[in-house]
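The structure appears right after this line, and notes come after that.
Nothing in this text is a laboratory measurement; each read-out follows from the coordinates by a stated rule. Predicted model, so just to flag it, every value in this text is computed and none were measured. So basically every Cβ, Gly included, is an ideal-geometry build from the backbone, and we count neighbours across all protein chains shown.
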Amino acid sequence: MSPWGVLLRMVPEVTAKLKGLGCRRLRWLVDGEVVYWALLVPEEADLEAHARFPGMPQQSLEGWLRELLERFEAGWPQARVVEILGVWPDRLERVVRVFPKGPGVSLSEECYADPSSG
């Protein structure tokens, strides 16, 4: 399974962590390279307001994150390590990191989220 598949299974947990941290911006790293510097995390009220426009889907923060992961997966299908960091003016904090369990282990065989990203 790819790291994207692992993250897609973990969307509820990652969403809960984002809410708990109160994180407003995310930095995305794929295989050690920054691919998005400071993505703004929408608030639930913003998502609800967006859904009031005709033809716009109603989306939760969980749905927003799932859709975003699917887009990133399309852009980096061969990723081996994916990390999402919370960004504040004075610090970065790991939200989640998915990587192969051991050297030489195929990503399609085993991936897990960093336990410290809890």
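Considering only P100, P54, P42, give the residue with the highest GNM mean-square fluctuation for the chain, with springs between Cα atoms whenever their separation is below 10 Å.
It is P54.
So what's the back-of-envelope 222 nm ellipticity for the chain, counting only DSSP H runs of four-plus at -39500 (n - 2.57) apiece and dividing by all residues, rounded to 500? Before the final figure, lay out each step's value.
Working: 4 runs with 41 residues, N = 118.
It comes out at -10500 deg cm²/dmol, rounded to the nearest 500.
May I ask you to sort K101, K17 by Cβ crowding, counting other Cβ atoms within 10 Å and putting the fewest first?
K101, K17
Along Cα→Cβ, 7 Å out, is where each label goes; now give me the distance between the ones at R25 and E43 in nm to one decimal.
Spacing of the two 7 Å Cα→Cβ label points: 1.7 nm.
Quote the charge dipole size of the range 3-103 about the Cα centre in Debye, to the nearest 20; the model charges only the Cβ of Lys and Arg (+1) and of Asp and Glu (-1).
Charge dipole of the range 3-103: 280 debye, to the nearest 20.
With a cap of 14 neighbouring Cβ atoms within 10 Å, and only residues DSSP puts in a loop, list the GluC sites (Glu not before Pro) found in the range 1-75. Could the numbers behind the result be given before it?
Working: sites: E13, E33, E43, E44, E48, E62, E67, E70, E73; in loops: E43.
Answer by residue number: E43.
Can you pull the one-decimal nm distance between simple spin-label points at Y36 and A74, each 7 Å off the Cα toward Cβ?
Label at Y36, label at A74, 1.3 nm between them.
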